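Below you'll find the structure, written out as structure tokens, and then a few comments.
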Amino acid sequence: MSIEKFGYKQELHRALTFKDLLIYGMIFMVPIAPFGVFGYVQDGSKGMVALAYLIGMVAMFFTAMSYWSMSRAFPVSGSVYAYAQRGLHPVVGFFAGWLILLDYILVPSLLYIVSAAALTPMLPGVPTWVWIAGFIGVNSLINLCGITFTAKANNTILVAEMVVLSIFVVLGLWALYSGAGAGRLTLDPLYNPDKFSLPLVMSAVSIAVLSFLGFDGISTLAEETKDGGVDTVGKASLAALIVVGALFILQTWIAADLSRGMTITSLDTAFYDAASVAGGNWLKYVTMWSTVISWGIANALVAQAAVSRILFAMARDGQLPALLAKVHPRLKTPWTSTLFVALISLVSGLWFNGNIDNLSRLVNFGALMGFLVLHIAVINHYIIRQKSRHLVMHLFLPLMGLLIIAFVIYEMDIEAKVLGLAWLAVGVVYYVIMRLLLKRNIVMDLES
């Protein structure tokens, strides 16, 4: 489906296949993502870390199906912003885009902080701001070189992540059944009746869901997909979620049983300590460096690419400064948006340094609120407007996703909700200034 149908000109380079999108989604989600936040999820769930990831995957399954539905209807860049804009109303689209920006803009910063935290025990003499600035510089350069260069870099990094994960799984299981930790795989990480509490587990899910953010980023590349993004985006999103979600549950289950009886000195390094039980200090440092490369380079690389496309889409529609919609004539990348994201990442990374817990919840608040609007957009566009008879795909699935995500948001830490609503308030002020003072009309003709 040509984007000219929606009033846009094809400016970005169409070069990506299903395989490229699948790898992009997997890299964005990071198959070893729990390495960096395992301690926080384990602490919040009272050891039922595998259950937290399972619930997170189920919730994201419904969201992935809604992405599939909306990417078929509107195969354009912009993700939730574009889907809410066209599936509900342009004003709702603006605020959905504003909320999802809270996720995408802060995700790179969070990734840099997690990576710096992993490096600190190994190289304590190097200030964390040096690592943050270095990661930003490398990722910005790669993203400016074009989407195909980014895709090639993703392929290499994904292979390395899978090798490290395989080593941990094999050695972890070997150690467990040799008497380490719990002595075997137990059901406690999945369900412990003595400690189970739904609100408690859902609070942990609000952190665990951070690891699943990324499959949604695939939708931002719709205008760079060879088939026009009509079906490839949805298929790749669902495939990435299922594959990586299964890996999350497996590795956290093993790590939770390995750490049974172990004194956790720091939530930041809990997984690495479990890895040392499985294979000794060499595996501990291998998993640390893997986190650094995967989060600080690979994941942040695709996160920067995704948010730059959302800024590009919103600026192209006149909802953000036009400067952010500029595309490099030779490289075919939104270069001004890419550099702007780098600047924001540097400032927010230094500001939130050492505050991984709250920053992760804040990022998740933005993403979950955006997903909430997405599910409503599916129901409105297909059931109310189009009178669709596909009730499972267009009513039941988005409704289930809506209810689960609403409950997760309800159980989130109050501080995260306050900060998230403060961000929304800033968006309201910006919107009022744009409409009343600058006289910009964001209610465009979207009938096509």
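The values are calculated or read from the model by the stated rules, or taken from the named source; none is laboratory data. Values in this document were obtained by computation on a predicted structure and should not be read as measured data. When we count neighbours, we look across all protein chains shown, and the Cβ atoms used for this are built from the backbone with ideal geometry, even at glycine. Protein only, heavy atoms only, side chains kept; ligands, DNA and RNA dropped before computing areas. Shrake-Rupley method; radii C 1.70, N 1.55, O 1.52, S 1.80 Å.
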For region 171-183, pairs from a residue that is farther than 14 Å from A255 by Cβ to a residue that is open to solvent by less than 50 Å² (accessible area, probe 1.4 Å) and not aliphatic (A, V, I, L, M), with Cβ under 7 Å and 6 or more apart or across chains, are none
Inside region 317-350, the number of residues satisfying the requirement of being out of contact with any Lys or Arg (no Cβ under 6 Å at 6 or more places or on another chain), assigned to a helix (DSSP H, G or I) and in contact (Cβ under 8 Å) with a residue 12 or more places away in the chain is 15
Of the residues in region 28-56, those that are closer than 16 Å to A274 by Cβ and outside any helix (DSSP H, G or I) come to I32, A33, S45, G47, M48
When every residue in region 382-440 that is among the small types (G, A, S) and in a helix (DSSP H, G or I) is compared, the one modelled with the lowest pLDDT is A416
* **Any chance K326 is closer than 27 Å to S140 by Cα, touching a His at 6+ places or on another chain (Cβ under 6 Å) and among the basic types (K, R)** => no
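Please count how many residues of region 188-208 are surrounded by 13 or more Cβ atoms within 10 Å (Cβ to Cβ) and part of a loop (DSSP other than H, G, I, E, B).
Residues that pass the stated criteria total 7.
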(Q) With the structure loaded, tell me whether I264 is surrounded by fewer than 22 Cβ atoms within 10 Å (Cβ to Cβ), out of contact with any Lys or Arg (no Cβ under 8 Å at 6 or more places or on another chain), in contact (Cβ under 8 Å) with a residue 60 or more places away in the chain and assigned to a helix (DSSP H, G or I) or whether it fails that test. (A) no
Cβ pairs under 7 Å, 6+ apart or interchain, first in region 270-291 and of a type in the set (V, I, T) and modelled with pLDDT under 90, second open to solvent by less than 20 Å² (accessible area, probe 1.4 Å) and assigned to a helix (DSSP H, G or I), ordered by first then second residue, are T291/F35; T291/G36; T291/V114; T291/S115; T291/A118
By residue number, the members of region 209-223 that are crowded, with 24+ Cβ neighbours inside 10 Å and part of a helix (DSSP H, G or I) are V209, L210, S211, F212, F215, D216, G217, I218, S219, T220, L221, A222
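Within region 64-170, which helices (runs of 4 or more DSSP H) (wholly inside it) include 3 or more residues that are within 30 Å of A256 (Cα to Cα)?
90-119, 128-144
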When (1) over 18 Å from the mean Cα position of the chain (by Cα); (2) of a type outside the set (F, W, Y); (3) open to solvent by 10 Å² or more (accessible area, probe 1.4 Å); (4) within 22 Å of A313 (Cα to Cα) are applied to A84, the one that fails is (3)
Within region 282-309, the count of residues that are over 12 Å from the mean Cα position of the chain (by Cα) and within 18 Å of F38 (Cα to Cα) comes to 13
All conditions in (1) hydrophobic (A, V, I, L, M, F, W, C); (2) open to solvent by 10 Å² or more (accessible area, probe 1.4 Å); (3) at pLDDT 75 or above are true of L331 except (3)
